[in-house]
Amino acid sequence: MDLGLKGKNVLVVASSQGIGKAIAQTLVQEGSNVMLASRNEIKLNLVKEELELYESGKVDWVQCDLTKPEEIKAMVEKTVNRFGGLDILVNNAGGPPAGGFEDMDDEKWNAAFELNLLSYIRVIRAALPHLKENGGRIINIASSSIREPIPGLILSNTFRMGIVGLAKTLADEFAPYNILVNTVAPGRILTERISQLDEVNAVKSGKTLDEVARTAEDAIPLKRSGTPEEFAKVVAFLVSDANTYMTGSSFFVDGGKLRSV
Ligand SMILES: NC(=O)c1ccc[n+]([C@@H]2O[C@H](COP(=O)([O-])OP(=O)(O)OC[C@H]3O[C@@H](n4cnc5c(N)ncnc54)[C@H](OP(=O)(O)O)[C@@H]3O)[C@@H](O)[C@H]2O)c1
């Protein structure tokens, strides 16, 4: 199947590692021009050099702290100036700290709101005029917590639900522009985020890191964690020309872990 991704202009937010990086890599391999973005210039430059080895789509990077509105605007502007337009936006951000209700003060609630919900809104606001030009695709990366809240991750459980409400509403509002808006939710995809959460759980439970990982993987029907590349393939399909009729939906890449249907 031809995904029709060759020559598409893409912004992948929070793409210096993990899921964002794998999405960028998959889209570059498909011939898209990809703008990488995050805070760390050194990591971004290394990813750019790695992706350029495919000798496929163009790759560039822009430094952006997603908690800074002016940097978000500059990130979108640089993408459009560099590639001549924007067809696909992949919204992503770092995860909020672990903890329960009694661990969080206003500062932590505000920081998670700004990074894990408001940044998505700000990026979409800056990108919308460009996506409207020819129709386009928006993907928001969330978490399986949008369907089944995860114990000890109250900030994620709260703000990622907001992403789904936002996406469903935007799917209606943007349909006249032929912009499709979907959410993709990871279960347990092996990245640094998962290593950090396993460490938190190991300290809390007194188990070793191996035991924590084994317990988590035993609860997954496929009995293993997913890879960022497996996750990226789902995103690549949804943003491609092969998807012309799915919008306002949430997709779970979780090895069957969620029990709800
Ligand atoms: N992996 C999973 O199984 C899983 C499960 C559920 C939910 N999620 C969520 O999915 C998202 C991506 O996950 P991941 O596993 O790829 O996470 P990750 O490995 O921790 O990567 C996070 C990315 O976000 C960037 N970032 C963090 N804070 C930023 C900021 N203020 N401004 C700009 N960029 C920022 C980081 O780059 P810099 O450090 O260079 O800024 C990095 O590229 C996260 O929100 C995570 O919580 C992941």
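Is at least one residue of segment 10-19 more than 16 Å from the chain's Cα centre (by Cα) and more than 11 Å from the ligand (Cβ to nearest atom)? Spell out the reasoning first.
Just the residues of segment 10-19 that are more than 16 Å from the chain's Cα centre (by Cα), to begin with: none.
The answer is no; no qualifying residue exists.
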Of the criteria (1) within 30 Å of LYS6 (Cβ to Cβ); (2) without any contact (Cβ under 8 Å) to a residue 60 or more places away in the chain, which one ARG224 fails: (1)
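Please go through segment 208-261 and pick out each residue that is outside any loop (DSSP other than H, G, I, E, B), within 25 Å of ALA167 (Cβ to Cβ) and within 14 Å of the ligand (Cβ to nearest atom). Don't jump to the end; show me each part of the working.
So in segment 208-261, the residues outside any loop (DSSP other than H, G, I, E, B) come out as 209-218, 226, 228-239, 250-253.
Next cut, within 25 Å of ALA167 (Cβ to Cβ) only: 226, 228-239, 250-253.
Result: GLY226, PRO228, GLU229, GLU230, PHE231, ALA232, VAL234, VAL235, SER250, PHE251, PHE252, VAL253.
So which residues in segment 134-156 are part of a helix (DSSP H, G or I), within 11 Å of the ligand (Cβ to nearest atom) and not β-branched (Val, Ile, Thr)? If you could, list the steps in order and put the result at the bottom.
Initial filter on segment 134-156 (part of a helix (DSSP H, G or I)): 134, 144-146, 154-156.
Imposing the further condition that a residue be within 11 Å of the ligand (Cβ to nearest atom) reduces the set to 144-146, 155-156.
Of everything in segment 134-156, those that are part of a helix (DSSP H, G or I), within 11 Å of the ligand (Cβ to nearest atom) and not β-branched (Val, Ile, Thr) turn out to be SER144, SER145, LEU155, SER156.
So, ASN81, is that one more than 16 Å from the ligand (Cβ to nearest atom) and part of a helix (DSSP H, G or I) or not?
Values: more than 16 Å from the ligand (Cβ to nearest atom): yes; part of a helix (DSSP H, G or I): yes.
Spelling it out, ASN81 is indeed more than 16 Å from the ligand (Cβ to nearest atom) and part of a helix (DSSP H, G or I).
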THR158 fails exactly one of the following numbered conditions: (1) surrounded by fewer than 20 Cβ atoms within 10 Å (Cβ to Cβ); (2) within 17 Å of VAL34 (Cα to Cα); (3) touching a residue at least 24 places away in the same chain (Cβ under 8 Å). What is the number of that condition? (2)
Is there any pair linking a residue in segment 131-145 that is over 16 Å from LEU3 (Cα atoms) to one that is charged (D, E, K, R) and within 7 Å of the ligand (Cβ to nearest atom), with Cβ under 9 Å and at least six apart or on different chains, and which? SER144/ARG188
Do you know which of the residues in segment 184-195 that are near the ligand (Cβ under 7 Å from one of its atoms) and assigned to a helix (DSSP H, G or I) is farthest from GLY99 (Cα to Cα)? GLU192
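Can you confirm whether THR79 is among the polar types (S, T, N, Q), in contact with a strand residue (DSSP E or B) (Cβ under 7 Å, 6 or more places away or on another chain) and either within 26 Å of GLY135 (Cβ to Cβ) or modelled with pLDDT of 95 or more (or both)?
Details: among the polar types (S, T, N, Q): yes; in contact with a strand residue (DSSP E or B) (Cβ under 7 Å, 6 or more places away or on another chain): yes; either within 26 Å of GLY135 (Cβ to Cβ) or modelled with pLDDT of 95 or more (or both): yes.
It is true that THR79 is among the polar types (S, T, N, Q), in contact with a strand residue (DSSP E or B) (Cβ under 7 Å, 6 or more places away or on another chain) and either within 26 Å of GLY135 (Cβ to Cβ) or modelled with pLDDT of 95 or more (or both).
Given the options GLU55, GLU114, GLU41, name the one that is surrounded by fewer than 22 Cβ atoms within 10 Å (Cβ to Cβ), without any contact (Cβ under 8 Å) to a residue 12 or more places away in the chain and either acidic (Asp, Glu) or within 14 Å of the ligand (Cβ to nearest atom) (or both). So that I can check it myself, show each step before the final result.
On the way: GLU114 fails: without any contact (Cβ under 8 Å) to a residue 12 or more places away in the chain; GLU41 fails: without any contact (Cβ under 8 Å) to a residue 12 or more places away in the chain.
Checking each option against the conditions leaves just GLU55.
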Subset of segment 130-141 that is out of contact with any Leu (no Cβ under 9 Å at 6 or more places or on another chain) and not charged (D, E, K, R) - its residue that is farthest from ALA93 (Cα to Cα): ASN134
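Residue by residue through segment 84-103, note down the ones that are within 30 Å of LYS6 (Cβ to Cβ) and within 14 Å of the ligand (Cβ to nearest atom).
Narrowing segment 84-103 to residues within 30 Å of LYS6 (Cβ to Cβ): 84-93.
Result: VAL90, ASN91, ASN92, ALA93.
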Filtering segment 20-38 for residues that are more than 9 Å from the ligand (Cβ to nearest atom) and small (Gly, Ala, Ser) leaves a count of 3
Could you tell me whether any residue of segment 163-171 is in a loop (DSSP other than H, G, I, E, B), more than 14 Å from the ligand (Cβ to nearest atom), touching a residue at least 40 places away in the same chain (Cβ under 8 Å) and not acidic (Asp, Glu)? no
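Return yes when GLY206 is at positive phi and either free of Cβ contacts under 8 Å to residues at least 24 places away in the same chain or loosely packed, with under 14 Cβ neighbours inside 10 Å (or both) and no when it is not. Working first, answer last.
Details: at positive phi: yes; either free of Cβ contacts under 8 Å to residues at least 24 places away in the same chain or loosely packed, with under 14 Cβ neighbours inside 10 Å (or both): yes.
Spelling it out, GLY206 is indeed at positive phi and either free of Cβ contacts under 8 Å to residues at least 24 places away in the same chain or loosely packed, with under 14 Cβ neighbours inside 10 Å (or both).
The values are calculated or read from the model by the stated rules, or taken from the named source; none is laboratory data. Please read these numbers as outputs of a predicted model, since none were measured by experiment. Positions of Cβ are backbone-derived with ideal geometry, glycine not excepted, and every protein chain shown enters the neighbour counts.
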